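What follows is a short report on a single structure.
Laboratory data are not the source of any read-out in this text; all were calculated from the coordinates shown. Predicted, not measured: the structure shown is a model, and the values here were computed from it. In this analysis, Cβ positions are derived from the backbone assuming ideal geometry, glycine residues included, and neighbour counts consider all displayed protein chains.
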Amino acid sequence: MIELRNITKTYESDEMKTPVLKGITFTIKDGDFVAIMGPSGSGKSTLMHILGALDSASTGQYLLDGKNISDFTEDQLSDIRREKIGFVFQAFNLLPRATVLRNVMLPLIYAETPVKEREKIAGRALLSTGMPEDRWNHHSNQISGGQMQRVAIARALVNNPSLILADEPTGNLDSKTGNIVLGTFQRLNKEEGRTIILITHELDVAEHADRILHLKDGLIVKDSLHHTKRIIKMNDYDAD
């Protein structure tokens, strides 16, 4: 699915150049669950923005599904973000006065999905994340942090993306709730075959993935396979 070839990123101002990524090369296959782990300042957020077609590399090639998107136009990149990639962020980014169901349906509204299909598709996405049906008509500011993140994951799924990018998705959650959310990603990967890329600075979070890319000072310093300690099952969910 993904191939990065010697990707660099340098931010330039009038007075100086700041190299952030210094030659990143790796491949991620369809159906992989990969964590990109590194300390603050390692370049992982910049790398995530490039992987998500939110930013472009200074040099190098980014191949997505065999196509070199490094030189795509903004309209072409917008199509990729809408059709191929689902984003999950630390801050949830939900509309507080909209219901859970409405929040999940928003991408379908922008995609001009027929009205009769929107609720059905959104409902399936919520069920796949383990979100209790009795919360679907609650406003998003009336549910817990863990439930908010599950809603955010469901919203990322509704356009059926082949790739899910999760940027510090447990950063605002306690450890128990964070493990439940990470279990959602594990199930989406193992049971639905979704390709997951998880950005984190915490080893215990990264260990939920099957492979860990260690990023330091703009370089991949270690690429290791990891056998997940535990896959959290649906019956592990509670109201949190």
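Miscellaneous remarks
- Some residue of segment 69-85 being acidic (Asp, Glu), within 24 Å of Arg187 (Cα to Cα), in contact (Cβ under 8 Å) with a residue 12 or more places away in the chain and surrounded by fewer than 14 Cβ atoms within 10 Å (Cβ to Cβ): yes
- When each of Ala53, Ala35, Ala98 is tested for being in contact (Cβ under 8 Å) with a residue 12 or more places away in the chain, within 19 Å of the chain's Cα centre (by Cα) and within 24 Å of Tyr110 (Cα to Cα), the lone residue that passes is Ala53.
- Enumerated strands (runs of 3 or more DSSP E) restricted to segment 130-224, each holding at least 1 residues that are over 30 Å from Arg97 (Cα atoms) and not charged (D, E, K, R): 195-200, 211-216
- Within segment 63-79, being in contact with a strand residue (DSSP E or B) (Cβ under 7 Å, 6 or more places away or on another chain) and under 24 Å from Ile153 (Cα atoms) holds for one residue alone: Leu64.
- Qualifying positions in segment 86-96 - of a type outside the set (A, V, I, L, M) and surrounded by 12 or more Cβ atoms within 10 Å (Cβ to Cβ): Gly86, Phe87, Phe89, Gln90, Phe92, Asn93
- Checking each residue in segment 97-129 for being within 25 Å of Ile199 (Cβ to Cβ) and either part of a loop (DSSP other than H, G, I, E, B) or of a type in the set (Asp, Glu) (or both) picks out only Thr129.
- Test result for Ser175, surrounded by fewer than 19 Cβ atoms within 10 Å (Cβ to Cβ), of a type outside the set (Phe, Trp, Tyr) and within 13 Å of the chain's Cα centre (by Cα): no
Each row is one residue, and each column tells you yes or no for (1) more than 14 Å from the chain's Cα centre (by Cα); (2) of a type in the set (Lys, Arg).
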residue: Ile24; (1), (2): yes, no
residue: Ser40; (1), (2): yes, no
residue: His49; (1), (2): no, no
residue: Ala57; (1), (2): yes, no
residue: Lys84; (1), (2): no, yes
residue: Phe89; (1), (2): no, no
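- Considering segment 1-44, the residues that are among the hydroxyl-bearing types (Ser, Thr, Tyr) and farther than 14 Å from Leu215 by Cβ include one that is surrounded by the most Cβ atoms within 10 Å (Cβ to Cβ), namely Thr10.
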